[in-house]
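Undergrad: Starting off with a structure, shown below.
What follows draws every value from the coordinates through simple rules; no lab data is involved. Computed from a predicted structure; not experimentally measured. Note that each Cβ is placed from the backbone with ideal geometry, even for glycine, and that neighbours are counted across all protein chains shown.
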Amino acid sequence: MSRPDDATGAPPAPRRARLLVVLLGILALLAAPFAGCAHRRNPFDPTQNKPVLPGGAASRPGGGVIGPSADYTAQGADSETCVNGWAVPRPGSAPYAAALRAAGVPAATEVRVFLGPGPGGGTGEWTYVETRGGRLLVTGGRLVARAPAGTTGWAGAGWRTPDGRDAAAAGVLPVFLTGCLAGT
């Protein structure tokens with residue numbers, strides 16, 4: 001039978017050492033799933049989700065990635081809620097015609113394009129098209145949301161998915177791209 005160490009009544013030193021080893025082992029097992037997470041992308045951190053092209057260059061509307069800057073009349077700056085900024089294609093330009101085709105409309109009162117993560121993964125072009133009849137959001141060649149004419153921005157603007165769900169609640173547009181619709 002073992003006796004307690006000195007007058008403190010603590011277990012003998014070898015027993016404490018074994019207990020310490022067991023506790024450290026349990027902590028290591030609990031921490032194992034989190035090991036190496038620092039290098040993983042966090043989908044809620046806009047600074048980590050900036051779309052990056054092969055070679056490490058960030059995508060920039062109106063700056064040669066979407067097309068030549070001569071094809072665009074205006075540009076919005078990068079922000080936390082519009083990680084790559086946005087660009088307005090010049091009416092009659094190839095990007096403008098492509099935006100109208102993507103939205104399936106013959107004419108528009110406003111068009112914006114911006115780059116960001118697509119619903120199915122990867123980086124894609126998002127297209128915002130405003131017509132007299134309403135507002136459309138297209139990515140990956142398909143309509144992902146529509147809002148009534150006369151509404152503005154993203155939040156509270158009545159955006160709906162094609163099947164009628166609330167587009168904001170459904171998470172159609174990532175939070176770090178919602179600012180790309182500011183001022184629309």
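Undergrad: Can you tally the net charge around residue 183? Count Lys and Arg as +1, Asp and Glu as -1, for every other residue whose Cβ sits under 12 Å from the Cβ of residue 183. Intermediate values should be presented prior to the final figure.
TA: Working: positive: 112; negative: 110, 130.
Result for the neighbourhood of residue 183: -1.
Undergrad: Sticking with this one: Label-point separation (nm) for residue 175 and residue 81, each offset 7 Å from Cα along Cα-to-Cβ?
TA: 1.2
Undergrad: Let me ask something additional. Taking one equal scatterer on every alpha-carbon of the stretch 102-166, how large is log10 of I(q)/I(0) by Debye at q = 0.20, 0.23, 0.29 1/Å?
TA: -0.78, -1.02, -1.39
Undergrad: Right, something else. For the stretch 168-184, take each phi angle, set θ = phi - 60°, evaluate the Karplus expression 6.51 cos²θ - 1.76 cosθ + 1.60, and give the result in whole Hz per residue in order, putting x for glycine and proline.
TA: The phi angles translate into 5, 5, 7, x, 4, 9, x, 4, 7, 10, 4, x, 5, 9, 4, x, 8 Hz.
Undergrad: Which net charge results when you count Lys and Arg as +1 and Asp and Glu as -1 among the other residues whose beta-carbon is under 12 Å from that of residue 94?
TA: Once positives and negatives cancel, what remains is +1.
Undergrad: Name the shape class, rounded, prolate or oblate, that the alpha-carbon gyration tensor gives for the stretch 66-106, where a ≥ b ≥ c are the square roots of its eigenvalues, rounded holds for a/c under 1.5, and otherwise prolate holds if a/b is larger than b/c and oblate otherwise.
TA: Working: a/c = 2.87, a/b = 1.61, b/c = 1.79.
Oblate, since a/c reaches 1.5 and b/c is not below a/b.
Undergrad: Next up: Summing +1 for each Lys or Arg and -1 for each Asp or Glu, what net charge is found among the other residues whose Cβ lies under 15 Å from the Cβ of residue 144?
TA: +3
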